[in-house]
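Enquirer: I have a structure here, written as structure tokens, and I will follow up with some questions on it.
Nothing in this text is a laboratory measurement; each read-out follows from the coordinates by a stated rule. Worth saying up front: this structure is predicted, and the values here are computed from it rather than measured. Counting neighbours? That spans all protein chains shown, and the Cβs are built from the backbone with ideal geometry, glycine included.
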Amino acid sequence: MKIAEALSHVQLLGVDTSPFIYYIEDYPTYAEIVGELFKFVETHDIAIVTSIVTVTETLTKPFKSGDQDLADLYQGILQTSAYVDIPPATDQTGELAARLRAQYSLRTPDALQLATALEYQCDAFLTNDHTLRRVQEIPILLLDELEIDPPPQPADQETPSP
């Protein structure tokens, strides 16, 4: 499915950790598709919601390796981007995450990511975790199933007839 089609009815997009990692760390397999997707989000004023789980998961590697530049890059994108919101977790988020864990046998981080997206009424959730496809409460968009839209074709320049 093309990015434009996948996001055609999305105004608020829940995003898992992996798309941020692919984008920031320039993963060869996914960097281009995620870059195009984030560009589409920005040009179409789609807001992104992620959870505190993303902060924890993205900063672990740079903190472990002492890579402050990478940590700063993650923090800059997650904390200062006009399109990314990390809302505080609430008791309701925790309860919803527990219900999702119980119903779908999810890992706690996945349940918290999805609970955050659901609590903030996201229109879809972007991930590359195929196991999350079983969740029925929100449309799941998988990076592996997305394709870059072809570049727009220039409009034919017809000259008006006299």
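Enquirer: Where does helix 68-80 land angle-wise versus the long Cα axis of the chain, in degrees 0 to 90, nearest 10?
Expert: 70
Enquirer: Quick check: pseudo-label points 7 Å beyond the Cα along Cα→Cβ at ARG133 and GLU145, how many nm apart are they?
Expert: 0.6
Enquirer: Would you list, by chain and number, the aspartates and glutamates whose Cα falls below 13 Å from the Cα of LYS61, excluding same-chain residues fewer than 8 positions away?
Expert: The qualifying aspartates and glutamates are GLU25, ASP69, ASP72.
Enquirer: At q = 0.14, 0.19, 0.20 Å⁻¹, what base-10 log of I(q)/I(0) does the Debye formula yield for the chain when every alpha carbon is treated as an equal point scatterer in vacuo?
Expert: Calculated log10 I(q)/I(0) at the listed q: -0.71, -1.26, -1.37.
Enquirer: Which angle from 0 to 90°, rounded to the nearest 10, does the C-alpha axis of helix 31-43 make with the longest principal axis of the chain?
Expert: Roughly 80 degrees between the two axes.
Enquirer: Once both axes come from the Cα atoms, what is the angle between helix 108-119 and the longest principal axis of the chain, in degrees from 0 to 90, rounded to 10?
Expert: 60
Enquirer: Then there's this: So which GluC sites (Glu not before Pro) in the stretch 1-40 pass both tests, a DSSP loop state and at most 16 other Cβ atoms within 10 Å of the Cβ? The partial results should precede the final answer.
Expert: On the way: sites: GLU5, GLU25, GLU32, GLU36; in loops: GLU25.
Those satisfying the criteria are GLU25.
Enquirer: To continue, here is another question. Taking the alpha-carbon distance from LYS39 and a cut-off under 22 Å, which lysines remain once sequence neighbours fewer than 8 residues away in the same chain are dropped?
Expert: Excluding near neighbours in sequence, the set is LYS2.
Enquirer: Counting each DSSP H run of 4 or more residues in the chain as -39500 (n - 2.57), what helix-only mean residue ellipticity at 222 nm follows after dividing by all residues, to the nearest 500 deg cm²/dmol?
Expert: Working: 7 runs with 78 residues, N = 162.
Only helices count here, giving -14500 deg cm²/dmol.
Enquirer: Further question on the same structure: If you build a Gaussian network model of the chain, linking Cα atoms that sit under 10 Å apart, which residue out of ASP26, ASP69, ASP123 swings the most?
Expert: With Cα springs under 10 Å in the chain, the top fluctuation among ASP26, ASP69, ASP123 is at ASP69.
Enquirer: For the stretch 12-56, just say rounded, prolate or oblate: build the C-alpha gyration tensor, square-root its eigenvalues into a ≥ b ≥ c, call rounded for a/c under 1.5, and beyond that prolate if a/b exceeds b/c, oblate if not. Don't skip to the end; give the middle numbers.
Expert: Values: a/c = 2.73, a/b = 1.03, b/c = 2.64.
Since a/c reaches 1.5 but b/c is at least a/b, the shape of the stretch 12-56 is classed as oblate.
Enquirer: What is the calculated FRET efficiency for ALA98 to THR60, with r their C-beta to C-beta distance and R₀ = 25 Å, to the nearest 0.05?
Expert: Numbers: r = 24 Å, r/R0 = 0.94.
That pair, ALA98 with THR60, gives E of 0.60.
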